[in-house]
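This report concerns only the one structure given below.
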Amino acid sequence: MTGTNALRSEGWRVNESFTPKGPTDPVTLLLNEHSLTQLAGVDPVAWQIPWSVMGDVRLLRSPGRTSLSATIDGRTFEWRTSARRRFDELTPFVLLAGGRVERTRGALTGLTAALVVALLSSAGYLGTRWESRHRQASAESALQALNLRLSDLPGSWSVSTDPLLANLVGPANQVFKTNYTTTTTAPAANSVYEVAVRAFQHCMGISNAADRMYGAAGQLPLYQVASSVFSSSRAGGLEVASYVQYYPQLSMVQRDTAEMRSPRFSSCFANVSADLVEASSSSNPRVSDGKALSVLTFAKGFHRVGVATVALTSSTSLASVSAHLFVVVATQGHYETTFFILSSSWPTARSLVTSLTNVMVSHIAPSSGVAA
């Protein structure tokens with residue numbers, strides 16, 4: 001990481017001024033491998049802090065927000081922004097400084113809104129991500145082969161440069177390894193994510209303690225890899241993306257599948273997924289029109305399909321401000337796969353859902369036969 005280019009990152013707010021009654025907004029951060037510089041206020045006041053004097057450095061991505069925190073001279077400072085791409089931009093600098101990089105998990109199983117939490121401290125990440133580079137390459141290759149690919153998509157598609165589905169699938173083509181014997185901590189009270197989780201559990205009629213999707217009963221996968229987000233201009237605009245998770249114990253997938261068999265699951269999961277897409281542009285998403293769809297596949301493998309309406313304030317790949325979010329989950333053996341289709345055209349997306357459900361189920365369960 002030596003020689004990392006300097007970064008100028010605008011659009012931040014700091015939770016505490018460095019001086020009494022000093023400016024806290026707007027804030028621009030200047031980062032390089034040696035230090036963090038804050039420019040605060042309309043007439044910017046600069047403070048430069050070497051990474052070496054900052055303790056407990058932490059970069060966190062949650063739905064709709066990125067935050068950077070650190071302890072300096074016994075005081076904790078936190079910078080926050082809702083601007084897109086800031087998390088990915090700051091990650092290499094925080095890792096180089098020995099800090100932690102985390103994402104708030106969407107679900108504790110194959111149903112996650114962001115990426116599975118990855119504790120990527122510079123020491124811990126290098127020490128725990130893999131036993132060897134060979135094993136990393138093998139796992140990455142295996143899981144990427146199960147994900148959605150350009151060759152699976154009919155017509156003309158490309159990798160999206162500013163995807164709306166990024167909040168649901170996380171960074172593309174990165175293998176994340178977790179401690180699958182543990183669960184995650186509860187989300188911040190009254191956060192968009194916490195409200196969405198409570199809405200999902202109320203919709204399902206289950207308690208947090210019993211919920212394997214978002215609650216305390218769930219378990220982390222051993223490995224997770226997301227595909228790129230692909231986009232097309234067909235029928236007013238389309239986005240598609242997927243992620244695949246590997247669980248070391250068959251019983252984990254079986255217990256997840258048991259919850260997915262609920263007749264309420266497809267509609268409830270579509271609602272919560274739509275809430276988390278809207279979270280990038282709304283502080284109070286409340287999607288409730290989700291419904292289940294029936295899709296037959298030739299490959300054997302459990303799957304469920306749902307759809308909900310998403311209200312969008314802007315989009316680079318979709319022509320409409322209102323779109324349909326289709327969500328598909330499939331399980332087989334050690335694997336769980338989830339994919340999403342965002343479209344302004346119901347007929348176009350509906351036929352694509354049928355086609356890609358067959359493709360994705362066959363990726364993890366290639367044997368033939370119709371599955372419910």
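Assorted remarks:
- For the stretch 152-273, the solvent-accessible area works out to 38 Å² per residue, with a probe of 1.4 Å and every protein chain left in place.
- Inter-label distance, SER351 to ALA83: 4.2 nm, where each label sits 7 Å from its Cα along the C-beta direction.
- Nonpolar atom fraction for the stretch 1-81, defined as the carbon and sulfur part of the 1.4 Å probe accessible area, stands at 48 percent.
- At R0 = 41 Å, FRET efficiency that the Cβ-Cβ distance of ASP56 and SER151 yields, to 0.05: 0.40
- Within straight-line cross-link reach of LYS177, lysines at Cα separation under 25 Å, skipping those fewer than 8 residues along the same chain: none
The values are calculated or read from the model by the stated rules, or taken from the named source; none is laboratory data. Note that the coordinates shown come from a computational prediction; the quantities given were computed from them, not determined experimentally. Positions of Cβ are backbone-derived with ideal geometry, glycine not excepted, and every protein chain shown enters the neighbour counts. When the accessible area is computed, the model is the full protein with side chains, heavy atoms only, and any ligands, DNA or RNA have been set aside. Shrake-Rupley method; radii C 1.70, N 1.55, O 1.52, S 1.80 Å.
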